[in-house]
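What follows is calculated from the coordinates using simple rules that are stated; it is not laboratory data. Note that the structure is a prediction, hence the values are computed from the model and not measured. Counting neighbours? That spans all protein chains shown, and the Cβs are built from the backbone with ideal geometry, glycine included.
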């Protein structure tokens, strides 16, 4: 399985944010997207996920399996927003996404243990702190299987220990033959990851 | 794949949609869900009408079905703006759209409509017979009006979903949705009211307008979610 972006260009409100971005990621490879604010990191991730139309170029998944034929169906997207309902308990939120996204992975209890939120599943999501919310949202990546993880500032709000835990999770995902594309300005602790610096004169 | 169950795609899809349905129902009855807003508005309108119209019982019973239908129509439009906006604000909408590659986005929208209808509109239909008494309606008329509301109000939700999807990015899109959707709901209102009258007024037929109402609901159950899915897919930013 290969995730390929060819000559990609992105727009926001008619303004070109980036152009001529290209990469190809094999199984087990990660791409770290860095750049100053406004360089188009988030836009790039949304274009890759298919949530925004590409102004130019295309994204394709080469050799997708029967379960993951397209980029969108093969991708987990962790954006700025956590996509969890504050009125529901963490268990209910994760249980819903596990059922809705299909291809179930860890069960809710195990996923919460993995992000060190074990025993907090009964709390409403709204009661959690910023960092805990982010961790619960990261647990969403674990409850259903997707080969491609698209992570937008995944460490936002996380403490040191949680950052290391996330790095471990990403390394594990890469070892299992997954692909990670992460937009960040902090080092994520992934050795051998490809780097894409945005916002420079092309 | 090894772990892939051999169950039919339909069973799988219905389980997935049941999960979404139950989540939306849960959200609508929890704090801030707003399931009761519609029914309280409905109650307020119907209770005020007799004071405004005056104590003419014959007049009240004559306009009863129409008033119930108009009040229910407006109450249906009330909560529609939150149908997709709540999901957009916390990022869930992105994932619903992203998963549209796996199971049709229109099916997701249809499920959300059904959950919205069950949570916010079904209470109106249940309250309608009681409020019919306020309008001095006879039992047959009350039953017919409740039945037409039961069959006709889903159509309003389905049209409303398309309006809600178009206005999803607007911060205060509630009024815009009502303006967009109201002209399209007029046929539903016309056939709903004429079927309700048909049950009590002798020469007027009941079955024909009722069947057209049912057909409208079925037609819009397909068209509304498809249009809404199209708007949502192109409205992400």
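Of the two radii for the range A:10-73, the radius of gyration is 0.98 times the Kirkwood radius, both from the alpha carbons; that is the Rg over Rh value.
Listed from fewest to most Cβ neighbours within 10 Å, the set B:186, B:159 follows the order B:186, B:159.
For A:16, A:155, what ranking results if the residue with the fewest other Cβ atoms within 10 Å of its Cβ goes first?
So the ranking, lowest neighbour count to highest, is A:16, A:155.
For the protein assembly as shown, the spread of Cα coordinates along the three principal axes comes to 83, 47, 44 Å, biggest extent given first.
Sorting B:94, B:202, A:159 from the fewest to the most surrounding beta carbons within 10 angstrom yields B:202, A:159, B:94. Taken over the Cα atoms of the range B:148-205, the convex hull encloses 73 Å³ per residue.
Taking all pairs of distinct Cα atoms, average 1/r, flip it, and tell me the Kirkwood hydrodynamic radius of chain B in Å to one decimal place. Don't skip to the answer; put the middle values down first.
Working: mean 1/r = 0.0536 Å⁻¹.
Result for chain B, one decimal place: 18.7 Å.
Plainly put, the range A:68-166 has a radius of gyration that is 0.94 times its Kirkwood radius, both from alpha-carbon atoms, as the Rg/Rh ratio. For the range B:138-237, the alpha carbon positions stretch 55, 24, 18 Å along the principal axes, listed from largest to smallest. Considering only Cα atoms, the convex hull volume of the range B:64-174 works out to 92 Å³ per residue.
Note on residue B:37 and residue A:130: the model spin-label points, each 7 Å out from Cα along the C-beta direction, lie 2.9 nm apart.
Considering every alpha-carbon pair of chain A, the percent of pairs per 5 Å bin, from zero through the bin containing the longest distance, is 1, 7, 16, 20, 20, 16, 11, 6, 2, 0.
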